[in-house]
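Remarks on the structure that follows.
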Amino acid sequence: GAGVSQSPRYKVAKRGQDVALRCDPISGHVSLFWYQQALGQGPEFLTYFQNEAQLDKSGLPSDRFFAERPEGSVSTLKIQRTQQEDSAVYLCASSLSGRGETQYFGPGTRLLVL
Amino acid sequence: QQQVKQSPQSLIVQKGGISIINCAYENTAFDYFPWYQQFPGKGPALLIAIRPDVSEKKEGRFTISFNKSAKQFSLHIMDSQPGDSATYFCAASMTGGFKTIFGAGTRLFVKA
């Protein structure tokens, strides 16, 4: 079956632009996670959804970051007024239920802010 | 207290050798410890995971050793192959929580 897909795969933005990153989780997966992975580092947790409910957004770096999953499937991570320090790979993962379950990662969106 | 410390940063192993990557954690509430493998341009993929009620778990050439009292766990890759060349991340999470905390990663290169 299809895995987690993310689009776009690459995004170049000028500083100050808004960007929207999309995640299509595995069908039927209740839990969805967003991570930020800086070059040469491990993924860092951003936020977690259980169906359409955002249960943890403690990892979002600032109020410029916003995530939604309105119908409990596709999710969008939006970054407003992008800054150079936002340059990273943004990973989405889904799991069947969430807690202690295998997370299946997408290929990521590589964001470069100039 | 939320950190997971991973070492070494990079590792070069001869084909057929044993690759060993170590991780240490501080938060005793962590109760799920997965290892992920990541190839360039791909997302991490779960390799093997362990819970603290066992001291060792083996799946094929991959073994996790877990030392609860020392708050350490390690990944052993037996008979390492060039195809194992990738970045490996240890991680930790807790039942009732949503965050998974990742180590900084180990870049493994297996020489043919």
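Bear in mind that the values in this text are calculations on the coordinates, not laboratory data. The structure displayed is predicted, hence computed values, not measured ones. Reconstructed Cβ throughout: ideal geometry from the backbone, glycine too, with neighbour counts over all protein chains shown.
Structural remarks
- Volume in Å³ per residue [convex hull over Cα atoms, computed for region B:33-99]: 96 Å³
- Rounded to two decimals, the Cα radius of gyration of chain B over 2.2 N^0.38 Å is 1.02.
- Options B:47, B:93, B:37, ranked by Cα towards positive dipole end of region B:21-112, top entry (Cβ charges): B:37
- Overall dimensions of region A:15-97, expressed as equivalent-ellipsoid semi-axes from the Cα gyration tensor (√(5λ), whole Å, largest first), are 21, 14, 11.
- Rounded to the nearest 20, the Cβ-based charge dipole of the protein assembly as shown about its Cα centre (Lys and Arg +1, Asp and Glu -1) stands at 560 debye.
- Distance histogram for the protein assembly as shown (every C-alpha pair counted, 5 angstrom bins, percent rounded to whole numbers): 1, 7, 15, 18, 18, 16, 12, 8, 3, 1, 0
- Counting, for every residue in B:87-93, the Cβ atoms of other protein chains within 10 Å of its Cβ and taking the mean gives 2.
- Debye, to nearest 20: dipole size of chain A, +1 on Lys, Arg Cβ, -1 on Asp, Glu Cβ: 400 debye
- For A:44, B:56, A:71, the sequence from fewest to most other C-beta atoms within 10 Å is A:71, B:56, A:44.
- Taking only the C-alpha atoms of region B:1-55, Rg followed by Dmax gives 13.4, 37 Å.
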